[in-house]
1. Return the residues of segment 160-182 that are within 16 Å of the ligand (Cβ to nearest atom) and under 22 Å from Ser58 (Cα atoms); say none if nothing qualifies.
2. Looking only at strands (runs of 3 or more DSSP E) that fall completely inside segment 1-119, which ones have 3 or more residues that are within 16 Å of the ligand (Cβ to nearest atom) and touching a residue at least 24 places away in the same chain (Cβ under 8 Å)?
3. Can you pull out every residue in segment 95-118 that is over 18 Å from Val27 (Cβ atoms) and not hydrophobic (A, V, I, L, M, F, W, C)?
4. Run down Gly213, Gly196, Gly202 and say which single residue is assigned to a loop (DSSP other than H, G, I, E, B), surrounded by fewer than 19 Cβ atoms within 10 Å (Cβ to Cβ) and on the phi > 0 side of the Ramachandran plot.
5. With respect to Met123, is the statement that it is modelled with pLDDT of 95 or more, in contact with a Gly (Cβ under 8 Å, 6 or more places away or on another chain), surrounded by fewer than 18 Cβ atoms within 10 Å (Cβ to Cβ) and not β-branched (Val, Ile, Thr) true?
6. For the condition open to solvent by 70 Å² or more (accessible area, probe 1.4 Å), out of contact with any Gly (no Cβ under 7 Å at 6 or more places or on another chain) and of a type in the set (A, V, I, L, M), what is the one hit in Leu70, Leu85, Leu97, Leu59?
7. Which one of these does Trp130 not meet: (1) among the hydrophobic types (A, V, I, L, M, F, W, C); (2) under 25 Å from Ala38 (Cα atoms); (3) surrounded by fewer than 16 Cβ atoms within 10 Å (Cβ to Cβ)?
8. Need pairs with beta-carbon distance below 6 Å; first residue basic (Lys, Arg) and within segment 204-231, second assigned to a strand (DSSP E or B) and crowded, with 18+ Cβ neighbours inside 10 Å; sequence gap 6+ or separate chains.
Amino acid sequence: MSYVFTPPGVVSVPVTGSALKFPTHRVYCVGRNYEEHAKEMGYTGREPPFFFLKPTDSLVVVPAGETGTLPYPTLTQNFHHEIELVVAIGKAGKNILAKDAHSYIYGYALGLDMTRRDLQNEMKKQGRPWCIGKAFDHSAPIGPITPAAELPDIDKATIELTVDGDVRQTSTIEKLIWNIGEIIEHLSAAWELQPGDLIYTGTPEGVAAVVGGNVMVAKLTGLPDLMIEVL
Ligand code: MN
């Protein structure tokens with residue numbers, strides 16, 4: 001059989017300490033999952049978890065030790081960073097209970113849920129989908145995936161983003177409103193999870209704009225740093 005055109009390749013993410021790559025399936029994101037971030041966005045931080053998706057080809061994969069590049073997107077004057085822990089799913093499942101969720105996790109990575117905040121806010125105001133604010137090209141930088149077995153204390157990890165050396169966002173994974181198991185329980189009730197799915201778990205407070213020339217460095221205890229320059 002021949003295709004009409006060459007089909008796009010699989011987007012894959014390097015695995016820490018291995019020559020293997022993690023092939024990606026879907027990119028799910030959790031909205032407003034830190035109380036202080038929910039408040040800075042004008043909400044209470046007391047709502048059920050909700051989800052949106054980014055296209056898998058919006059991932060910008062940055063290997064350990066390298067500084068990736070991120071083109072400044074079109075149509076925005078308010079391009080925001082959101083540092084997030086990313087959960088990488090290793091096996092299929094639906095209606096997974098929080099207490100069983102960890103057996104579905106392959107590993108963890110650092111990610112940035114980059115956001116055209118002005119467009120997102122306008123869509124919110126009009127009650128329209130967020131896609132144009134959240135799911136644009138290059139909107140999902142991600143670092144290498146580290147196997148879960150190497151990160152037994154992920155719940156205690158600290159997460160921090162600097163821009164040109166200044167700390168913009170800092171928090172801990174413990175402060176997630178909906179923890180990793182609860183996220184997987186809610187998400188897998190709505191979609192059947194598949195190996196290769198990535199879940200951006202939500203950002204802490206301190207979201208703000210970046211401009212061309214800024215270098216973002218994301219850190220999370222036990223993971224390689226994620227470094228990326230805005231062009
Ligand atoms: Mn986010």
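1. Once the filter is applied, which keeps residues that are within 16 Å of the ligand (Cβ to nearest atom) and under 22 Å from Ser58 (Cα atoms), segment 160-182 yields only Leu161.
2. Answer list for segment 1-119: 27-30, 51-54, 79-81, 83-89, 105-112.
3. If the condition is that a residue be over 18 Å from Val27 (Cβ atoms) and not hydrophobic (A, V, I, L, M, F, W, C), then Asn95, Lys99, Asp100, His102, Ser103, Arg117, Asp118 are the ones that fit.
4. Just one listed residue meets the conditions, Gly213.
5. yes
6. Result: Leu97 is the single residue among Leu70, Leu85, Leu97, Leu59 that is open to solvent by 70 Å² or more (accessible area, probe 1.4 Å), out of contact with any Gly (no Cβ under 7 Å at 6 or more places or on another chain) and of a type in the set (A, V, I, L, M).
7. For Trp130, the exception is condition (3).
8. Lys219/Glu160
The values are calculated or read from the model by the stated rules, or taken from the named source; none is laboratory data. Keep in mind the model is a prediction, meaning the values are calculated, not measured. Because the Cβ atoms are built from the backbone with ideal geometry, glycine has one as well, and the counts that use them run over all protein chains shown. SASA here: full protein model, heavy atoms, side chains in, ligands and nucleic acids out. Shrake-Rupley method; radii C 1.70, N 1.55, O 1.52, S 1.80 Å.
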